[in-house]
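Okay, structure first, notes after.
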Amino acid sequence: MIRIAIISDHKLASSGIAALLQQEAAFEVCGPVNFEDWRPLLPQMQPDLFLLISRRRGSLPGQLIGQIRQVTPRAKAVFVSLVDDEEALLSSLRSGVEGVLDADADAASLLSCVHDVSKGEIVISRDVARKLMGEYSALVSRTTAITRTDVLTSREIAILRLIAEGETNKAIARHLSISEHTVRAHARNIMRKLEVVNRVQAAAVALRTGLAAS
């Protein structure tokens with residue numbers, strides 16, 4: 001059983017998401033609780049994963065995720081942004097969340113994200129990745145960045161292309177007929193070789209070097 005805490009500043013959205021997750025036998029849902037009440041309640045919940053649902057803009061979501069992590073450092077985090085704000089998405093990525101979804105995500109995407117994150121996946125939806133490409137493109141504008149892909153093997157290039165398309169490790173494993181463990185190992189090697197810190201930055205390299213269609 002995976003214990004999920006829902007923390008939100010939007011009662012209607014959080015109630016709907018809680019009802020959706022409660023339909024899954026593998027999930028035990030705690031909350032929703034609002035932004036003012038989570039601190040005393042979260043230690044009692046002892047979540048394996050927390051879902052932050054927010055309509056706040058700017059860096060506030062990332063700051064809040066950092067505060068929650070101090071209380072439950074072992075819990076995985078999924079951020080659902082209810083507004084179209086790149087800085088909110090970026091702030092959540094900087095905080096180290098394992099999953100990021102935007103307001104356009106449907107129920108199936110949300111369930112898939114929570115399941116995958118609970119299994120150790122890092123999930124950034126395709127729409128979120130596209131929104132952030134412009135921000136991360138600056139990180140690979142140098143000549144050294146453009147030639148870095150020469151150090152990748154053919155299998156790593158194939159995996160990088162699928163990462164740039166927003167595919168999860170599970171989907172990549174299915175496409176290439178390899179195990180998820182192997183995909184994770186390749187993804188770590190790709191990020192190390194490209195000198196990036198997450199999948200969005202790796203995808204930006206793929207786009208800028210022509211390995212993936214923009």
Review point. Can you name the residue in segment 1-42 that is surrounded by fewer than 16 Cβ atoms within 10 Å (Cβ to Cβ) and of a type in the set (S, T, N, Q) and, of all such residues, is nearest to ARG55 (Cα to Cα)?
Key: ASN34
Revision key, fill the gap. Restricted to segment 52-85 and to residues being part of a loop (DSSP other than H, G, I, E, B) and under 18 Å from LEU42 (Cα atoms), the residue nearest to the chain's Cα centre (by Cα) is ALA75
Check your understanding: Among LEU12, LEU20, LEU42, which is the only one that is more than 16 Å from GLY99 (Cα to Cα), assigned by TED's automatic domain parsing to the domain that holds GLY96, part of a helix (DSSP H, G or I) and touching a strand residue (DSSP E or B) at 6+ places or on another chain (Cβ under 8 Å)?
Key -> LEU42
Check your understanding: How do the pairs read when you match residues in segment 74-99 that are in contact (Cβ under 8 Å) with a residue 60 or more places away in the chain and of a type in the set (Asp, Glu) with residues anywhere that are crowded, with 17+ Cβ neighbours inside 10 Å and part of a helix (DSSP H, G or I), using Cβ under 8 Å and keeping only pairs 6 or more apart or on different chains?
Key -> none
Point to revise | From the options ILE122, ILE65, residue that is under 21 Å from GLY166 (Cα atoms) and not aromatic (Phe, Trp, Tyr) | key: ILE122
Practice item. Consider SER177 carefully, then state whether it is modelled with pLDDT of 90 or more and on the phi > 0 side of the Ramachandran plot. Key: yes
Practice item. Say whether the condition of being within 17 Å of LEU110 (Cα to Cα) and at pLDDT 95 or above is met by at least one residue in segment 40-47. Key: no
**Study point:** Number of positions in segment 172-214 that are aliphatic (A, V, I, L, M), surrounded by fewer than 16 Cβ atoms within 10 Å (Cβ to Cβ) and within 17 Å of the chain's Cα centre (by Cα)
**Key:** 1
Revision key, fill the gap. Conditions (1) of a type in the set (A, V, I, L, M, F, W, C); (2) over 18 Å from GLN201 (Cα atoms); (3) in contact with a Pro (Cβ under 8 Å, 6 or more places away or on another chain) -> ALA88 fails only (2)
**Study point:** Answer from SER118, SER95, SER91 - the residue that is among the hydroxyl-bearing types (Ser, Thr, Tyr) and modelled with pLDDT of 90 or more
**Key:** SER118
Exercise for review: Mind counting the residues in segment 12-48 that are of a type in the set (S, T, N, Q) and touching a residue at least 40 places away in the same chain (Cβ under 8 Å)?
Suggested key: 1
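The values are calculated or read from the model by the stated rules, or taken from the named source; none is laboratory data. Keep in mind that this is a model prediction, so the values were computed, not measured. Because the Cβ atoms are built from the backbone with ideal geometry, glycine has one as well, and the counts that use them run over all protein chains shown.
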